[in-house]
1. Of all residues in the stretch 145-169, which are touching a strand residue (DSSP E or B) at 6+ places or on another chain (Cβ under 8 Å) and not in a loop (DSSP other than H, G, I, E, B)?
2. Would you check if there is a residue in the stretch 161-172 being free of Cβ contacts under 8 Å to residues at least 40 places away in the same chain, within 13 Å of I202 (Cα to Cα) and not β-branched (V, I, T)?
3. Which of the residues spanning the stretch 93-128 are farther than 25 Å from I67 by Cα and touching a helix residue (DSSP H, G or I) at 6+ places or on another chain (Cβ under 6 Å)?
4. For the stretch 138-153, state whether one or more residues are touching a helix residue (DSSP H, G or I) at 6+ places or on another chain (Cβ under 6 Å) and either of a type in the set (V, I, T) or loosely packed, with under 15 Cβ neighbours inside 10 Å (or both).
Amino acid sequence: MQISIGISVKGVKTSSTPSNPVNTVPPVVSFNNLYVGGTLTTTNGTWSGSPTSFTYQWYNITLSENIAGATSNSHTLVDADAGAEIVCIVTGTNAVGTGQIDSNVINSLPLAAPTNIDLPVIDDGITYYFGGPPIVFTGNVWDGNPVPVLTYQWLRGNANITGATNNTYNIIEADVNAYVSVKCIATNSQGTDFVISNAVIIDP
């Protein structure tokens, strides 16, 4: 049943008919990052027709398919989204009907194995000795998609130090007069890589 609303303007009776929602300003997608695990969030945009509710469907343009289960106003990127063009289809609904509009297009980053972009460095201007403060390092910055998980293995000479897998190292008596360094390992779904820091001598 169509509803007409009578409005009197300067003695003249007119009528207006409610209409489907119509988008006037498209929704905008923002993001915290474009790596796997990053979050995309859309606005509703601006509409005429006073929509009373909105629904969402995230869409992978590159694969020409809806992203299964991605029907809220935010979406967490997964491996299948990597390197793809993604939009959110926003639908506004009122008592008369619905209207639909696409958001801006987001280009997610492609999958990539870990790559070191800043080597780990132990300060060789410090005197290291048994009983002294722990050895620490700076740097060790990696790229990759998904973001790599970092692990550590401290070395005495070229041999692993048993149990020394934290990001700092407490010097023990067996290290005296030996060189100590750290092997930094980066792992994601695309592979594993590692780099080794400079070595420092441990004084008595």
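1. N145, V149, L150, T151, Y152, Q153, W154, L155, R156, N160, Y169
2. Within the stretch 161-172, one or more residues are free of Cβ contacts under 8 Å to residues at least 40 places away in the same chain, within 13 Å of I202 (Cα to Cα) and not β-branched (V, I, T).
3. none
4. No, the stretch 138-153 contains no residue that is touching a helix residue (DSSP H, G or I) at 6+ places or on another chain (Cβ under 6 Å) and either of a type in the set (V, I, T) or loosely packed, with under 15 Cβ neighbours inside 10 Å (or both).
Matching residues to (1) in a loop (DSSP other than H, G, I, E, B); (2) modelled with pLDDT under 95; (3) in the same structural domain as N188 (by TED's automatic domain parsing); (4) crowded, with 18+ Cβ neighbours inside 10 Å:
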| position | (1), (2), (3), (4) |
| --- | --- |
| N23 | no, no, no, yes |
| G37 | yes, no, no, no |
| P51 | yes, no, no, yes |
| Y56 | no, no, no, yes |
| G69 | yes, no, no, no |
| G83 | yes, no, no, no |
| C88 | no, no, no, yes |
| Q100 | no, no, no, no |
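Here's the yes/no breakdown for (1) at pLDDT 95 or above; (2) in contact with an Asp or Glu (Cβ under 9 Å, 6 or more places away or on another chain); (3) not in a strand (DSSP E or B):
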residue: D124; (1), (2), (3): yes, no, yes
residue: D143; (1), (2), (3): yes, no, no
residue: I171; (1), (2), (3): yes, no, yes
residue: I185; (1), (2), (3): yes, yes, no
residue: V195; (1), (2), (3): yes, no, no
residue: N198; (1), (2), (3): yes, yes, yes
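The values are calculated or read from the model by the stated rules, or taken from the named source; none is laboratory data. Keep in mind it's a predicted model, so treat the numbers as computed, not measured. Glycine also receives a Cβ, built like all others from the backbone with ideal geometry; neighbour counts cover every protein chain displayed.
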